[in-house]
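> Sending over a structure as structure tokens; questions will come in a sec.
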Amino acid sequence: MAFESESRPEERPAEATEHPAEEPETAQPDAAEPAGEQDPGNEAEIEEATERSDGVEESGHQSSVVSPQDDGAEPAPEEDELTRLRRERDQYLELAKRAQADFENYRKRVAKEAAAAGDRAKGGLVRELLPVVDNLERALASADEDEQHLAEGVRLVHQELVSVLQRNGVEAFDPAGEAFDPGVHEALSTRNEEGADPGVVLDVVEKGYRLNGTVLRPARVVVSG
């Protein structure tokens with residue numbers, strides 16, 4: 001019993017030496033990262049993040065507010081609707097006036113072209129008939145006394161044909177004694193004649209004809225030299 005009591009005090013210091021008491025751990029900040037209280041830039045970042053989050057919340061709150069136009073109300077007051085209708089009415093009226101003016105111009109142009117085409121067709125037919133008229137006149141001029149009964153029939157045919165041409169706007173002109181005009185006369189020859197001024201039509205070989213004022217065939221004449 002005495003031996004055991006003496007040996008225990010010697011073992012306790014050894015255990016204290018081999019197993020030292022652990023020191024309490026204290027939180028030490030990382031040397032590479034300063035604490036928030038020591039870094040002013042860290043505090044500025046925290047405040048900026050806070051302001052952004054507040055702005056997002058405010059914008060989200062504002063986007064959730066329904067505008068007056070989204071609640072099914074009228075898009076425009078009554079006066080604006082009336083103004084729009086009047087503007088559309090004026091536009092349609094202007095379009096109608098333009099269409100009417102275009103149609104009127106088209107109608108006049110078509111009528112003018114149709115009249116011109118009719119005159120051209122009529123002129124072509126009259127040109128084909130003019131030699132017939134000339135031959136009938138030559139036959140009447142060369143008829144003898146004993147052939148007057150035949151000449152009378154030719155004269156009736158000639159008168160009827162000339163009347164048809166006149167009703168269709170064809171007229172003959174005889175420029176004997178007039179000054180020569182190359183626009184309406186065709187000189188076949190010249191002849192010196194005493195007492196006649198130069199450039200005067202002496203004889204008419206074939207009469208000229210006009211259709212509604214337009215020369216169909218110039219008069220073929222002999223001019224003084």
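The values are calculated or read from the model by the stated rules, or taken from the named source; none is laboratory data. Everything numeric here is computed off the predicted structure, so don't read it as measured data. Reconstructed Cβ throughout: ideal geometry from the backbone, glycine too, with neighbour counts over all protein chains shown. Just so you know, the surface numbers come from the protein's heavy atoms only, side chains and all, with ligands and any DNA or RNA stripped out. Shrake-Rupley method; radii C 1.70, N 1.55, O 1.52, S 1.80 Å.
> Label the stretch 159-225 by shape, choosing from rounded, prolate and oblate, from the square roots a ≥ b ≥ c of the eigenvalues of the Cα gyration tensor; if a/c is under 1.5 it is rounded, and otherwise prolate applies when a/b is larger than b/c, oblate when it is not. Don't skip to the answer; put the middle values down first.
Numbers: a/c = 3.19, a/b = 2.39, b/c = 1.33.
The shape class here is prolate.
> Another one. Please compute the per residue accessible area over the stretch 152-225 with all protein chains in place, 1.4 Å probe, rounded to a whole number of Å².
Numbers: 4320 Å² over 74 residues.
Heavy-atom SASA per residue in the stretch 152-225 reads 58 Å².
> May I pose another question? Short version: ³J(HN,Hα) in whole Hz for each residue of the stretch 118-131, in order, from phi by Karplus 6.51 cos²θ - 1.76 cosθ + 1.60 (θ = phi - 60°), x for Gly and Pro, what are they?
Ordered by residue, 3J(HN,Hα) equals x, 5, 5, 5, 5, x, x, 5, 5, 4, 6, 8, 4, x Hz.
> If you don't mind, another one. With θ set to phi - 60° and the Karplus curve 6.51 cos²θ - 1.76 cosθ + 1.60, what are the ³J(HN,Hα) couplings of the stretch 212-220 in order, to the nearest whole Hz, using x for Gly and Pro?
Result, ordered by residue: 6, x, 9, 6, 7, 8, x, 6, 8 Hz.
> Let me make sure I get this right: for the stretch 106-225, a, b and c are the square roots of the gyration tensor eigenvalues over alpha carbons, sorted descending. Under 1.5 in a/c it's rounded, otherwise prolate if a/b > b/c, else oblate. Which is it? Could you put the intermediate results ahead of the total?
On the way: a/c = 3.35, a/b = 1.21, b/c = 2.77.
Here the stretch 106-225 falls in the oblate category.
> At 1.4 Å probe size, with the rest of the protein present, what percent of the exposed accessible area of the stretch 81-225 is carbon and sulfur atoms? Mind showing how you got there, number by number?
Values: 5330 of 10070 Å².
Carbon plus sulfur share of accessible area: 53 percent.
> Please report the net charge: other residues with Cβ closer than 15 Å to the Cβ of D102, K and R +1, D and E -1. Numbers along the way, then the final one.
Numbers: positive: K97, R98, R107, K108, R109; negative: E94, E104.
Result for the local shell: +3.
> Out of the GluC sites (Glu not before Pro) in the stretch 179-225, which ones are loop residues according to DSSP with at most 16 other C-beta atoms within 10 Å? Walk me through the numbers before you get to the answer.
On the way: sites: E186, E193, E194, E206; in loops: E193, E194.
Taking the stretch 179-225 and a limit of 16 other Cβ atoms within 10 Å, the loop GluC sites (Glu not before Pro) found are E193, E194.
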